[in-house]
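The values are calculated or read from the model by the stated rules, or taken from the named source; none is laboratory data. This is a predicted model, so every value here is computed, not measured. All Cβ positions, even for glycine, are placed from backbone atoms using ideal geometry, and neighbour counts span all protein chains on display.
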Amino acid sequence: MDIDNFDKWSKQFNAMLIKLNDHENELQTARHDQLRTISDCQKQVAVEGYLRAMANDIRALGFCYNNLRQSIHMQQEQFDSLD
């Protein structure tokens, strides 16, 4: 297990998760505002922007997850040395 790499990607994963939560909260706020003025084009554009940002956050989380997975992957030789 590559501890340094794991720590790096773990921190990045947590940062991206916080960012995703922030965008979700912003979207919820915009959604509540939009319910009052559904025809407001600015609100609709803002909601679409939040959705795009959330999609990017999710892709970044997937990238971090894959790197985390690689950092904990043990080679067969490492398994053999555990016996």
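Would you mind stating whether Asn25 is in contact with a helix residue (DSSP H, G or I) (Cβ under 8 Å, 6 or more places away or on another chain), polar (S, T, N, Q) and modelled with pLDDT of 60 or more? In short, no.
Checking each residue of segment 67-75 against the condition of being modelled with pLDDT of 80 or more and surrounded by fewer than 12 Cβ atoms within 10 Å (Cβ to Cβ) gives at least one match. Please verify whether Ala53 is surrounded by 14 or more Cβ atoms within 10 Å (Cβ to Cβ), at pLDDT below 85 and hydrophobic (A, V, I, L, M, F, W, C), treating the condition exactly as stated. Here the answer is no, as Ala53 does not meet what is asked.
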